[in-house]
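Below you'll find the structure, written out as structure tokens, and then a few comments.
Derivation of every value follows stated rules applied to the coordinates shown; laboratory data play no part. Everything quoted here is computed from the prediction, not taken from an experiment. Positions of Cβ are backbone-derived with ideal geometry, glycine not excepted, and every protein chain shown enters the neighbour counts.
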Amino acid sequence: MKSSSFAYERPADIQEALASKARWGLSAKYLAGGQSLIPAMNMRFNSSTCLIDLNGIKSMRGIREDGGELVIGALTRHEEVASSDLVQKKLPILVQASRYLAHIAIRNRGTFGGSVALAHPDAEWPAACLLLNARMRIAGPNGAREVPAADFFQGLYATALQEDDLLESIAIPVQSPSERSCVLELARRHGDFATAAVMARAQVENGALKNFAIVFFAVGDLPLCDKELDNSIQHIIAGGDLSRIPDIVKTSLMNQNIRADLYSDQKTKLHLSGVLARRAVEKLIEI
Amino acid sequence: MSNINVRFRLNAREVEAQTDPRMHVIDFLRKNFELSSPRVGCEHGVCGACTLRVDGDIVRGCLMLAVQLEGTSVETMEGLNVSGEISDLQQAFHERNATQCGFCTVGMLMASQDWLSKAKTCSRSAIREHLSGNYCRCTGYEAIVDAVYKVAIARGISSVKEEV
Amino acid sequence: MNAPIKALEQKSIEQRPWIGASVPRPNARRLVEGAAVYIDDIRLPKMLHICFVRSQYAHALIKSIDTQAASKANGVVAIYTGADLMKRVQPMVATLAHFKGMKAAAQHCLAVDRVCWQGEPMVAIVANSRHEAEDAAQLVIVDYEELPVVTDMETALDENAYVIHPELGTNLCFERVVTTDTYDDVSAKADFIVERTFRFPRHTGVCLEGRSVIGDFSAPDGRLTVYISHQAPHMIQDCYARLLSLTESAVRVICRDVGGSYGIKTHVYGDELATCAISMDLGRPVKFVADRAESFVSDIHSRDHRVLMRMAVNKDGAIKGISFDDRLAIGPYSVYPRTSVVEGNQIVNITGQWYQHESYHANMTNVYTNMAVYSNYRAVGHPVAVGITEGIVDVAARTIGMDPIEFRRKNLLRDNNFPCVTPSGMKFEGMSHEKCLDKIIGLMDLEKLRKEQIELRKKKIYRGIGVISMIEITNPSAMFYGVGGARISAQDGCTIRMEPSGSIVVLNGTGEQGQGTETVFAQIAADAVGVHMSNVKVVGGDTDATPYGGGTWASRAAGVGGEATLQAGLALRENILKLAAVVLETKAELLDIRNGNVFDRLTGQERTTLADLGRIAYFRPDTLGAFQAELCVTRHFVPKDYPFTFTNGSIACHLEVDVETGFIKLLKFWVVEDCGTILNEQLVDEQIRGALVQGIGPTLYEQCLYDERGQMLNGNMADYIVPFPAEMPDIIIGHVCTPTKSSQLGAKGAGEAGTAGAPAAILNALNDALTPFNVELFDMPFTPEKVLRSLGRI
């Protein structure tokens, strides 16, 4: 399981990185954390003519607050996000999610942007970005652009990133102090990709939950959410009979592309999603 | 592909070597520096046998390229043996038989020390959770948890009640 | 002379400090310092590296292999196909005479003309580095013609089934029926017959250190040195010599630290054998280390059973009969030299035999398929035998409305009723089922757990308790392999010598892979001779250095290797005392040895030291008159009284089922194990724990998943699920001690019992948890989906 050969470049800034990619073309790949790319290369599922190592680009690292948003540099490590006081204060759901995210050795190298750009269907950050209405800031040969999460994640490992694009940072509106959020994952082993998972948030007004929103991940090709479903669940929350939640979740998700895996078929994924949604609501209520 | 020069600190010594870019850190350290404590178990980042320290953080050596070590500080068990940083932990592992075939042991010790150096409180379940990225097939894990817990208490980390 | 033996027997445990003490392992210090030496750590001058091109198909003809481009790749020194190696390597046919009617096809070390499983090695690329070998491997072009694939054990013996080996005429490898001929009568008269179908998944060992070998052939010497990660060096010496047409003494096998083995590393593998053949051809050392991807498809797989299990029982709880039909799927070849039928054979021998029953009918069918090759893996057959027995016992108890503990108490073999011969023909020397059951109930406070279970059910929390009884084969005699013609030794030998300084060297070929054999041998030797354990050095893992041995398997190291060590140590003590008698001008019977000093037994006075005796024997023999000191002795041991030495025990599992998600949480385990004399309790307990967690694996998580084309779907560490720390429980352990009389030590084996009993304990606990829902599960692994399906939630 040794990787095939490749050239290696280590650009100092984004412009250099884009230029390297343009020079090497299709078969060159950006190297961020390497926690997904390098195993694929070790197994020879992937080969590259050149790996362009982004880890030297300081401008792509770090978390800063900017007018009601946190801007997370794409090269920020998972563990930097997980242990950041700023994130704990302003986007606590990211810290909640990080508890399920692989293991510390992986989190020390893997990057927020790398995970978003790969868009693994079971990954935490893409789901969080969708729920939090994040905007992806992309640098490309034709300049910079921003893509909202709902448009960014398009299919299985498919995103709005074009071949020569570079995801530079992710801007995320902060969670309000009156908000509650939770992350629930069902995984066979701690740190594994989940069998089914949800992230949910709601505002609290006068002790009641409002504006409930939920994202389902690890059950489809990409993280799944639906405004109508959010409203229906909000309605049920107001009504009080939470036992109705699993059925409406299953009905809603059945229209989406639910992906079976080696150990769970679609029915199982739908069922677990329903249970997790109800448990997420129970958790938000009890917090 | 042509080799690239890498300069870094290895177990507190400045070193330099040439490497094919495709070499991962474990193969690089084993081949160029004849270290035997860095090991591969799976080369896909799951088993944890390759765990070592780069710039003070534990990482999967099999998922990092040797060329990425440029300017970093790398610590392997060879270095920890000299500094004595985990001699209490090594002794606890030895006495409690928390090592059988030994193949997971280096990674397990690295991960354990990483937790011990940051933990404010300790419980068996917290230890199990933190070591959940390290595979052992011989011990069934309990002896390892016993050894780490014992060291945690000895180092003054206060114990908290287990979640049942 | 009996005096030294009497001296040992007279000593109380305070005077016999080492046997029974939980001393840490001296040879484990290097492990915690990262200084272990595994095969991959060995670098030899001019060493080359090998990588194999492996079959992509489960069954195909090899039309052609084009190695042109590969041979020109950077760093490539040589390339070999199966046809090339046929000149050097004999084919392997793994049958044994005592498995009557068994059929097996010849297997070449690298596939010739045809590949029979996905992962079968076909072409060997030898290069300056593994990287370069893998680069070249990608350039090899193989033209395959796919053949029909056999993967379903249920249809593999049908009339119209495709036969994998035409020369065998069938996909049947082996079948065996054992019957007392009374089952049908008895069951007809019984009040109830309970019947269930159990499934045990195909799974594999996942040793953290991949299989590794260096073949180092020296042409001028005509000698092949094999450095190998293995459990049975003498077996490898014998097999490789015959398969490579070398004399036995031309082959030396060296084992260093072994990074996990569990039976996976007791076999002959074609790729390892090919590596050595290639070294012979090139006259240079060649190294092969199996990486994780190839390990999943080339290490032996095991288990893979469908068993229809029946028990005839009366309403008063008496078991009248046990019968089962076991079908299992092996790979396309019987694995050399132990065969692929031992698993099924053991199940026929031992299922249910720890219960009183009049009639027994066992039917086992072992079927060839095009999945990975298959053979013995930790606890061989026992997880199935114990699983189906204990599973059906709980079903029977539920059916007649009897408490499962009471049911066991009624039917288990009585502690005071040994020795006995069972309906299947097993000879039991002595067991303690009743004592173990009583002890485990106390340890776990079963009553408290039951009360809590009832209370929690009211809150819709569903916990379950499973308590099982079991037996385990250990310390096998030559009945295991030798009688069938296998050149696998049931005996072990130990050479012990005293050095001039008075220190002791123990040479023992049994082997160490982390379970602690070297430590236990040092403890035994220290007590046998009378020295401090720190003065004992143990040498193993080298066929040039040690007496001929059998290796570690079937939990034999402590009982067999240990006994040889004891006898050698006692014989050395005798010889030392003879020397001392001459030096001190007294009688040997009046002397004894303690802590390296020779003392007068009557007065307690220390008379001399072993160091001084050593000096005299080796450097001043001129002072000894006609006397010749013999300070190096060898003794051998093989169990003779019983074909196998059975241990017994009880295991209990406490778990909780989340009935909404199907996820199972293991809360705790208890084990009460009777393995006879305990030589080092910490080491025994850690074997039990490790074995138990290894048994949890396939019960809840592990399965080699195959599609109908014989492609393994989950051959990587992310998709093949092995237990990691967070989900594993703590395990409380107690002991009962029924020593075996077939050795002086009285030690039985302990390495596999946990693996044998864990599936049964979990199965019963799961079904106990689900009794309010009236559902049962018997299809392992118990995934969340299966639990949900059984509950009707999906």
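With the cut-off at 49 Å, report for the protein assembly as shown the share of all Cα pairs above it, as a whole percent.
Working: 247104 of 774390 pairs.
In whole percent, the long-distance tail amounts to 32.
Partner chain Cβ atoms within 10 Å, averaged over the residues of A:32-41 - can you pull that number for me?
Details: counts 0, 3, 8, 6, 2, 1, 11, 11, 1, 5.
That works out to 5 on average.
Over the Cα atoms of chain B, Rg to Rh with Kirkwood Rh, two decimal places?
Working: Rg = 16.4 Å, Rh = 16.4 Å.
Across chain B, the Cα-based Rg/Rh ratio is 1.00.
Give me the net charge of residue C:755's neighbourhood, meaning all other residues with Cβ under 13 Å from the Cβ of residue C:755; Lys, Arg count +1, Asp, Glu -1. Before the final figure, lay out the partial values.
Numbers: positive: B:137, C:303, C:378, C:689; negative: C:343, C:472, C:673, C:702, C:752.
Charge balance near residue C:755 sits at -1.
Below 12 angstrom from the Cβ of residue C:173, what's the summed charge of the other residues (Lys, Arg +1; Asp, Glu -1)? Don't jump to the answer; show the numbers that get you there.
Details: positive: C:103, C:176, C:327; negative: C:175, C:343.
So the environment of residue C:173 carries a net charge of +1.
Just how far, in whole angstrom, is region C:127-161 from region C:102-126 if you go by their alpha carbon centroids?
So the two Cα centres are separated by 9 Å.
By per-residue mean of other Cβ atoms within 10 Å, what is the highest-first order of C:393-403, C:672-682? Working shown, then result.
Working: C:393-403: 18.5, C:672-682: 24.4.
Packing proxy ranking, top to bottom: C:672-682, C:393-403.
Return one number: the angle in degrees, 0 to 90 and rounded to the nearest 10, between the long axis of the Cα atoms of helix A:227-239 and the longest principal axis of the Cα atoms of chain A.
Tilt of helix A:227-239: around 30 degrees.
Using the Cα centre as the reference, give the magnitude of the dipole from point charges on the C-beta atoms of the protein assembly as shown (Lys, Arg: +1; Asp, Glu: -1; all else neutral), rounded to the nearest 20 debye. Before the final figure, lay out each step's value.
Details: 128 positive and 146 negative charges, 233 e Å.
So the dipole magnitude of the protein assembly as shown works out to roughly 1120 debye.
Apply the Karplus curve 6.51 cos²θ - 1.76 cosθ + 1.60, θ = phi - 60°, to the phi angles in region A:26-34 and return the couplings in whole Hz, x for Gly and Pro.
Values per residue, Gly and Pro as x: 3, 8, 8, 10, 6, 10, 9, x, x Hz.
Using modelled amide H (1.01 Å from N, peptide plane; none on Pro or chain starts), what sits under 5 Å from the amide H of residue C:703, excluding residues fewer than 5 places away?
When sequence neighbours closer than 5 places are left aside, the close amide H contacts are C:721.
Under the rule of -39500 (n - 2.57) per DSSP H run of 4 or more residues, summed and divided by the residues of chain A, what mean residue ellipticity at 222 nm is obtained, to the nearest 500 deg cm²/dmol? Provide the component values of the computation, followed by the final result.
Working: 12 runs with 101 residues, N = 287.
It comes out at -9500 deg cm²/dmol, rounded to the nearest 500.
How tilted is helix B:105-118 with respect to the longest principal axis of chain B? Cα atoms for both, answer in degrees (0 to 90, nearest 10).
70 degrees
For region B:33-83, with the dipole built from +1 on Lys and Arg beta-carbon atoms and -1 on Asp and Glu ones, taken about the Cα centre, which of B:80, B:37, B:49 lies farthest toward the positive end?
Checking the options against the dipole of region B:33-83, the answer is B:49.
Post the alpha-carbon centroid distance, region C:643-675 to region C:311-373, in whole angstrom.
22 Å
Please report the relative contact order for chain C, taking Cα pairs under 8 Å with a sequence separation of at least 6, and give it as a percent rounded to a whole number.
Working: 1992 pairs, mean separation 122.3, N = 794.
Relative contact order here is 15 percent.
Projecting each Cα onto the charge dipole of the protein assembly as shown (Lys/Arg +1, Asp/Glu -1 at the beta carbon, about the Cα centre), which of A:257, C:76, A:202 comes out farthest on the positive side?
Most positive-ward Cα: A:202.
What does the net charge come to around residue A:4 if you take all other residues with beta carbon closer than 15 Å to its beta carbon, with K and R at +1 and D and E at -1?
Details: positive: A:2, A:29, A:44, B:22, C:130; negative: B:20, B:27, B:43, C:132, C:134, C:135, C:291.
Once all neighbours under 15 Å are counted, the net charge is -2.
Running Debye on region C:230-372 with equal point scatterers at the Cα sites and no solvent, what base-10 log of I(q)/I(0) appears at q = 0.12, 0.13, 0.16, 0.20 Å⁻¹?
Listed by q, the Debye log ratios stand at -0.66, -0.73, -0.94, -1.23.
Taking H placed 1.01 Å from N in the peptide plane, check which residues at least 5 places from residue A:50 or on another chain put their amide H under 5 Å from its amide H.
For residue A:50, the qualifying residues are A:7, A:28, A:29.
Would you kindly derive the ³J(HN,Hα) couplings of region C:158-163 from the backbone phi angles with the Karplus curve 6.51 cos²θ - 1.76 cosθ + 1.60 (θ = phi - 60°), listing them in order in whole Hz, with x for Gly and Pro?
Taking θ as phi minus 60°, the curve returns 5, 3, 9, 6, 6, 8 Hz for region C:158-163.
Just tell me how shielded C:726-734 is by partners: mean number of partner chain Cβ atoms within 10 Å of each residue's Cβ, no decimals. Kindly include the intermediate steps, with their values, before the conclusion.
Working: counts 13, 7, 9, 4, 7, 3, 1, 1, 0.
The per-residue average across the peptide is 5.
State, as an integer percentage, the relative contact order of chain A based on alpha-carbon contacts under 8 Å between residues 6 or more apart.
Numbers: 589 pairs, mean separation 41.3, N = 287.
RCO, chain A: 14 percent.
Report ³J(HN,Hα) in whole Hz for each residue of region C:626-640, in order, from the Karplus equation J = 6.51 cos²θ - 1.76 cosθ + 1.60 where θ = phi - 60°; Gly and Pro get x.
7, 6, 10, 6, 10, 9, 9, 10, 10, 9, 10, 8, 9, x, 10
Which residues' amide hydrogens lie under 5 Å from the amide hydrogen of residue C:352, considering only partners 5 or more residues apart or on another chain, with H built in the peptide plane?
Those qualifying (amide H under 5 Å, at least 5 residues apart or on another chain) are C:389.
Sort B:90-96, C:561-567 by the packing proxy (mean of other Cβ within 10 Å over each peptide's residues), most packed first.
Numbers: B:90-96: 22.4, C:561-567: 28.6.
Packing proxy ranking, top to bottom: C:561-567, B:90-96.
Would you give the gap between the C-alpha center of region B:1-73 and the C-alpha center of region C:564-610, rounded to a whole Å?
56 Å
Count, for each residue of B:75-84, the Cβ atoms from other chains sitting within 10 Å of its Cβ, then give me the mean as a whole number.
Details: counts 0, 1, 4, 3, 0, 2, 4, 0, 0, 0.
Averaged over the peptide's residues, the number is 1.
Among C:378-384, C:262-268, how do they line up by average Cβ neighbours within 10 Å per residue, starting with the highest?
On the way: C:378-384: 28.1, C:262-268: 25.6.
Result, highest mean Cβ count within 10 Å first: C:378-384, C:262-268.
Quickly estimate the mean residue ellipticity at 222 nm for chain B, helices only: each DSSP H run with n ≥ 4 gives -39500 (n - 2.57), and the total goes over all residues, rounded to 500.
Numbers: 6 runs with 59 residues, N = 164.
-10500 deg cm²/dmol, from helical runs alone.
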